[in-house]
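Visitor: First the structure, which I've put down as structure tokens, then a few questions once you've had a look.
The values are calculated or read from the model by the stated rules, or taken from the named source; none is laboratory data. Keep in mind it's a predicted model, so treat the numbers as computed, not measured. Reconstructed Cβ throughout: ideal geometry from the backbone, glycine too, with neighbour counts over all protein chains shown. Each accessible area value is taken on the protein alone, full model and side chains, heavy atoms only, with ligands, DNA and RNA left out. Shrake-Rupley method; radii C 1.70, N 1.55, O 1.52, S 1.80 Å.
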Amino acid sequence: MPVAYVALILGNIVYGSSYVVSRVVLDHMGPATLSLLRLSIGSLVLVPLALARRRDGVRLSRADRWNIFWMGLIGFAGAFALGNWGLAGSTATNAALLITVEPVALILFSPLVLGERLTRRESVGAALTVVGATVIVVNGIPGVSVAIVPHWRGDILLVLSGLAYVAYSLFGRDVLARHPAVPVTAWSILWGTAAMIPFAAWEWVAGQRPEWTLPTVLGILYLGLVITALGYLLWNWALERVEAPRLAVFVNIQPLVGALLGVLCLHEAFTVYTAAGGLLILLGVHVAVLARRPKRTS
């Protein structure tokens, strides 16, 4: 199995844990403040590494800088803020399940924006993962389950967050095809940090101040170091090597992980839909990983 696929599988397993942790932390601080802290920690880790890489002669064009700006504004600030605002009005399980918006949109938009398509076998794998994720979501999709209806406002924000993550990959694919992951990730996170400052300041002025408990601090460090800094660096490293629609297949691992963590950490019910959907996701990822890409002709 290619190293990039291993990284994608492990990365999305880790991503799937972020929803439960974020839900716990949001009980003690505002959504914008959490977003700013995550991005600030990520910047503190990655920007020094990016500055050190300047010695390697990495030079970004004007178009690259604009793409990185939009990655930071939409893919970091927008996605994090919408995700946290949505999570504050919904549940951790719903957030994990509704991430299926991202792979579906990425598969649909990649041919239009990037000209990248799946092979027939990869399409079968993608379809299996989407169906599997949908089977899991059936327990909590608006209009299907009564339990999710009270969270519709938060769920809409979570869907918009998923679309913002798609924009990050679409803007970043071309840049990462020509530049290393470290500087691209660092500068995009820095733009996202700058964009979140006014929103976090507004929360503080409105009196929504953080409560600094030990679980809160540990949760912020986990989200900032593992999910934001390491997680996005890993994603961008894979985006350098794997076409965007193929990456989308692996994102469907997150609903499975999120649902299982909901069972273990939030004491939610484990249903036959969770088991069946999980098996379909694993089968779909397996099919996509084994699919062979046609050789490119120069």
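Visitor: Would you kindly state how much longer the chain becomes between Leu283 and Ile9 on full extension, computed as 0.36 nm times their sequence separation minus their alpha carbon distance, in nm to one decimal?
Guide: 97.3 nm
Visitor: I would also like to ask the following. What is the gain in length, in nm to one decimal, between Arg153 and Thr119 on full extension, counting 0.36 nm per residue of separation less the C-alpha to C-alpha distance?
Guide: Length gained, Arg153 through Thr119: 8.6 nm.
Visitor: May I ask you to work out the translational diffusion coefficient for the stretch 149-219 at 10 °C, viscosity 1.306 mPa s, via Stokes-Einstein with Rh from the Kirkwood sum over Cα pairs, reported in whole µm²/s? Write out the running numbers ahead of the final one.
Guide: On the way: Rh = 15.4 Å.
This corresponds to a translational diffusion coefficient of 103 µm²/s.
Visitor: How big is the accessible area of Tyr15 in square angstrom, nearest 10, if you roll a 1.4 angstrom probe over the protein chains?
Guide: My reading of the accessible area for Tyr15 is about 30 Å².
Visitor: Take each of the peptides 249-261, 168-180, average the number of other beta-carbon atoms within 10 Å over its residues, and list them starting from the highest.
Guide: Details: 249-261: 26.7, 168-180: 20.3.
The peptides rank, most packed first, as 249-261, 168-180.
Visitor: Hey, with R₀ at 45 Å, roughly what FRET efficiency would Ala201 and Ala275 work out to, going by the Cβ-Cβ distance, to 0.05? If you can, show how the numbers build up before the last one.
Guide: Details: r = 46 Å, r/R0 = 1.01.
Working from the Cβ atoms, E equals 0.50.
Visitor: Hey, another quick one. With only alpha-carbon atoms counted, please give the Rg and Dmax of the stretch 194-260, in Å.
Guide: 16.5, 45
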